[in-house]
C-alpha cells in the first residue's frame, strides 16, 4: 500500500446546514495563501496532515523535521491568529474559516491554541533569522497565536484552472489507468526552457511517466503569469512529448524558499500524488545565498526510506561543441562555450520583443509568450 | 526485542558500512533499515512489480475509482 491519502470533505447535508447556520459559529477570515493550505490538507496533498499542526507536532517539525508520531514532515503548516481572535475561541470549539471575500472555505475543530517563538521557528526551518529571507519575512508578518486542529472542506471549488487541478486520489487513479508503474514528478514555477526540458527528458528515459506539476500562487514582479506557464507547457506536451507519457496538473502552493527542507516537502507532496521519483536540481527552492547549491539534494541522504526516489540533477546548458544539451557531468568543454538558459535574460529579451535563441527556448514556446498581452506579473 | 545470530563476517561488513553512513546512529539502526528495504523489495517482487518504486495501489472503492475516471475522461486525461 502507498501512503494513505487524507480526504476531508463535509458531507452535502452538513454543508447545506453550515451555509445556512454559519452565523452560529465563530468565524476566522484567512488569506488566499492560507485558503490554499486548507484545501491542500483536506484534498490529501499534504497527507498525512488532517489539519493545522498542534503544539507537539509543531515543535517536533521545527526542531527535528518530524511529526509527533515520527513521520518525516519538514514544514510547519499552521494557522496564525491575533490575540483577540484567539481569546474568542475555546479549545474543542468548531470555527468556520472564510476567505477574503467572505466565502465559507472549511470548518475547523480547534484542538489547542498556543504561542510560538518566531526566532526558533525561523532558525529551525530556514536556518536563519535574517529578515531579508522571504520565509523569515513571512513568519515575521504572522500573528502571535497558532490554532491547531482538524479541518473539513466546505468549498469544493478548484478555481482557477480547474481542468488542471487534480487531487492526489485522481492522479493516482490516472497513473494507474495509464499503466504507469513509475512516475517522476517535476516541480516548476516557470515557462519551460531547454534546460527544464532536458531534465524532464532525462528523467522520462528512466520511468514510465512524467508528471509536470507547476506551482501556482503568490508571485513576485517579473515572474510569468500562471496562464502563460500552463499554455506553454500544454504546447510542449502536445507538440514535443510522446502522447500518453506526460501529464500536467497544477499545485496551488505558497513558496517558503526553505531550500533543503522545502525540497523534502515538495518530494512528499509528489509522493502523495503517486509519484515514485522526484527531480531535485541544484539550489531547489533556495533563495539568494542562504543555502549551498547541493544542500537540497544532500538532505535526502539523511532521510532513508522516504518512499520516493530522488533524481538529482546538475544545471544543464547547450554546448555548441557537444552539439546538444549537457551538464557539467557530461560536457568536457569550457564554461564560456556553454549557452546557459537564464530566466532574467529570457524575460528581458521577450520584453524588448527580441528573439530568444532556439538553443535556449523553443520558438514555439516563445510564440505562446508573445501571444499573451501581459505575460509577466508587474 | 528479538535477537538473531549472524555470522561474524556479515556483522563486520555491516559495522563497516554503518560507520560510513552518517544518517545511522548505530549498527542496529542500519541493520533494521537494510532488512526493511529487503523485505519491501521481496514483497514488491511477489506482487509482480518489477521496480522498487512502482506505484502502489491505494485504498479506494471500485465505485470511487469509476467516478474519478469519469471526471478524468471528461477533462480529456484518459480516452
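Using a 7 Å offset from the Cα along the Cα-to-Cβ direction at both residue A:201 and residue A:355, what is the distance between the two label points in nm, to one decimal?
Modelled inter-label distance: 2.0 nm.
Applying 1/(1 + (r/R0)^6) with R0 = 45 Å to the Cβ-Cβ distance of residue B:32 and residue A:13, what FRET efficiency is obtained, to the nearest 0.05? If you can, show how the numbers build up before the last one.
Details: r = 47 Å, r/R0 = 1.05.
With a Förster radius of 45 Å, E is 0.40.
Work out, step by step, the length gained on full extension between residue A:374 and residue A:243: first 0.36 nm times the residue separation, then minus their alpha carbon distance; give nm to one decimal.
Gain in length upon complete extension: 44.1 nm.
Hey, in the GNM for chain A with a 10 angstrom Cα cutoff, which one of A:17, A:56, A:32 fluctuates hardest?
In this elastic network of chain A, the residue with the biggest mean-square fluctuation among A:17, A:56, A:32 is A:17.
What does the highest-first list of B:68-77, A:174-183, A:258-267 look like by mean Cβ count within 10 Å?
Numbers: B:68-77: 14.8, A:174-183: 19.6, A:258-267: 25.5.
With the highest mean Cβ count within 10 Å placed first, the list reads A:258-267, A:174-183, B:68-77.
In nm, give the distance between the simple-model label positions of residue B:65 and residue A:4, each being 7 Å from the Cα along the Cα-to-Cβ direction.
2.0 nm
Picking from A:310, A:105, A:299, which is most flexible by a Gaussian network model of chain A using Cα springs under 10 Å?
Maximum among the listed residues: A:299.
Report, in degrees rounded to the nearest 10, the 0 to 90 angle that the Cα long axis of helix A:194-206 makes with the longest principal axis of chain A.
Taking Cα atoms only, the helix is inclined about 80 degrees.
In degrees between 0 and 90, to the nearest 10, how far off the longest principal axis of chain A does helix A:32-42 point, with axes built from Cα atoms?
The angle comes out at about 80 degrees.
How high is the relative contact order of chain A, given as a whole-number percent (alpha carbon pairs under 8 Å, six or more residues apart)?
Rounded, it is 16 percent for chain A.
Each label point is 7 Å from the Cα along the Cα-to-Cβ direction; what then is the distance between the points at residue B:75 and residue A:111, in nm?
3.0 nm
Which angle between 0 and 90 degrees, to the nearest 10, do you get for helix A:168-178 versus the longest principal axis of chain A when only C-alpha atoms count?
40 degrees
Starting from the Cα gyration tensor of the protein assembly as shown, take the square roots of the eigenvalues, sort them a ≥ b ≥ c, and report rounded, prolate or oblate (rounded when a/c is under 1.5, otherwise prolate if a/b is larger than b/c, else oblate).
It comes out rounded by the Cα gyration axes.
I need the shape label for the range A:96-175. Rule: rounded when a/c is under 1.5, else prolate if a/b > b/c, else oblate, with a, b, c from the alpha carbon gyration tensor. Working shown, then result.
Values: a/c = 2.13, a/b = 1.54, b/c = 1.38.
Judged from the Cα gyration tensor, the range A:96-175 comes out prolate (a/c at least 1.5, a/b above b/c).
So the label point goes 7 Å from the Cα of residue A:329 along Cα→C-beta, right? Which residues of the range A:202-223 then have their backbone N under 13 Å from it?
A:202-206
Using helices alone, I'd like the mean residue ellipticity at 222 nm for chain A: each DSSP H run of four-plus residues gives -39500 (n - 2.57), total over residue count, nearest 500.
Values: 13 runs with 125 residues, N = 378.
Per the formula, -9500 deg cm²/dmol.
Efficiency by 1/(1 + (r/R0)^6): what FRET value for residue A:69 and residue A:29, r their Cβ-Cβ distance, R0 = 30 Å, to the nearest 0.05?
Using R0 = 30 Å, I get an efficiency of 0.40.
Laboratory data are not the source of any read-out in this text; all were calculated from the coordinates shown. Just so it is clear, the model here is predicted, and its values are computed rather than measured. Note: ideal-geometry Cβ built from the backbone for every residue, glycine included; neighbour counts use all protein chains shown.
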